[in-house]
Amino acid sequence: MRVDELLNYYYEDFSENEKYVCHYLTEHYRDCVKKTIDEFASDCNVSKTLLVRFAQKLGLSGYSELKARLKIEMQEQEGAVKGILQTMTDSYHKMMDDLNKKNLTSFFEKLYSAKRVFVFGSGSSQARAASEMKRIFLPAREIINLHGHDMCYGLKKIASSKDLVIIISLSGESETVVELARALRTGNIQTVSITALANNRLAALCEENLYINSVRLPVKYKIDYESSTPYFILIEYLYLSYQNYLIHRESK
């Protein structure tokens, strides 16, 4: 897993001090890469021991490995100083590589066993992705598509512990989706997040996390544009992989 994924995966296991380190780290990746453990511990007002324990909770050997992992990931991101088309294409390839390495069995088991599956898109691009997910999965699994903030209240009321709710959000930080995820977790309802690859509150609240590689056009292009293509790549990949899961299940 990438560092962002590890932070999301282990977030609920952190102590309050470790959660503070998590928040500080996500805003100061470059400082972590450049500074010694003494310097970084001083910057975020914690002990070296806490930083080491924090890294070990992520499954790493210590601060040095955390620093090295972040350096490699940042170099991968910064290596995309090319034309925007090449940058986009590279991000799609990277996303596919990450998906091919990810074990989706747990997600597919939840998808297969759920009495009902709901998918909620929090914005316009996410709503289109939710609609496409419903359409493409139709031959294999009925999915109920919901969108719009007014539907959150209804979803909280009708979803049960036998259902599965997939929440699609770019940042995973809007109060609407965070509150929805909290309410669903309180009701012991299985949840899956689909967000950009970054530490976010929605992913921390959900049992399963799926990520897209979101690329925003650099400032020099003078337009505010963020590609929605990764959502549709992910959805098609999930559908084809789910078909393989069903074939394998039936062959047992």
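The values are calculated or read from the model by the stated rules, or taken from the named source; none is laboratory data. All figures in this text were calculated on a predicted structure; none of them were measured in a lab. All Cβ positions, glycine included, derive from the backbone under ideal geometry; neighbour counts span all protein chains shown. Note: areas computed on protein heavy atoms with side chains; ligands, DNA, RNA excluded. Shrake-Rupley method; radii C 1.70, N 1.55, O 1.52, S 1.80 Å.
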Inset, instruction - Go through the residues of region 82-93 one by one and say whether even a single one is at pLDDT below 85, of a type outside the set (S, T, N, Q), in contact with a Ser or Thr (Cβ under 6 Å, 6 or more places away or on another chain) and farther than 24 Å from Asn209 by Cα. - result: no
Inset, instruction - Give region 1-31 a look and list any residue that's open to solvent by less than 50 Å² (accessible area, probe 1.4 Å), within 26 Å of Lys101 (Cβ to Cβ) and either among the acidic types (Asp, Glu) or modelled with pLDDT of 85 or more (or both), or say none. - result: Val3, Asp4, Glu5, Leu6, Leu7, Asn8, Tyr11, Phe14, Cys22, Leu25, Thr26, Tyr29
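How many of the residues in region 32-51 are open to solvent by less than 50 Å² (accessible area, probe 1.4 Å) and part of a helix (DSSP H, G or I)?
Here is the first cut: in region 32-51, the residues open to solvent by less than 50 Å² (accessible area, probe 1.4 Å) are 32-33, 37, 40-41, 44, 46, 50-51.
Right, trim to part of a helix (DSSP H, G or I) and you get 32-33, 37, 40-41, 50-51.
Count: 7.
I'm checking my understanding of the structure. Among residues of region 210-236 that are outside any loop (DSSP other than H, G, I, E, B), at pLDDT below 80 and under 19 Å from Asn199 (Cα atoms), which one is least open to solvent (accessible area, probe 1.4 Å)?
First, pick out the residues of region 210-236 that are outside any loop (DSSP other than H, G, I, E, B): 210-212, 216, 219-221, 226, 229-236.
From the residues that got through so far, the ones that are at pLDDT below 80 too are 216, 219-221, 226.
Okay, now just the ones that are also under 19 Å from Asn199 (Cα atoms), so 216, 226.
Working: Arg216: 123, Glu226: 50 Å².
Residue satisfying both the conditions and the ranking: Glu226.
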Legend entry - Output for region 118-177, where each listed residue is of a type in the set (Asp, Glu) and touching a residue at least 40 places away in the same chain (Cβ under 8 Å): Glu132, Asp163
Inset, instruction - Scan region 83-98 and give yes if some residue there is over 30 Å from Gly154 (Cα atoms), surrounded by fewer than 18 Cβ atoms within 10 Å (Cβ to Cβ), in contact with a strand residue (DSSP E or B) (Cβ under 9 Å, 6 or more places away or on another chain) and touching a residue at least 60 places away in the same chain (Cβ under 8 Å), otherwise no. - result: yes
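Only one of Ser42, Ser131, Ser47, Ser64 is more than 18 Å from the chain's Cα centre (by Cα) and farther than 26 Å from Thr26 by Cβ; which? Quick ask: steps written out before the conclusion?
Details: Ser42 fails: farther than 26 Å from Thr26 by Cβ; Ser47 fails: farther than 26 Å from Thr26 by Cβ; Ser64 fails: farther than 26 Å from Thr26 by Cβ.
After ruling out the rest, the residue left standing is Ser131.
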Legend entry - strands (runs of 3 or more DSSP E) (entirely within region 141-204) containing at least 2 residues that are more than 14 Å from Ala130 (Cβ to Cβ): 190-196
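Sort out which residues of region 145-164 are closer than 27 Å to Arg249 by Cβ and open to solvent by 60 Å² or more (accessible area, probe 1.4 Å), and write them in order of number. Write out each step before concluding.
Restricting attention to region 145-164, the residues satisfying the condition of being closer than 27 Å to Arg249 by Cβ are 145, 159-164.
Residues satisfying the conditions are Ser161, Lys162.
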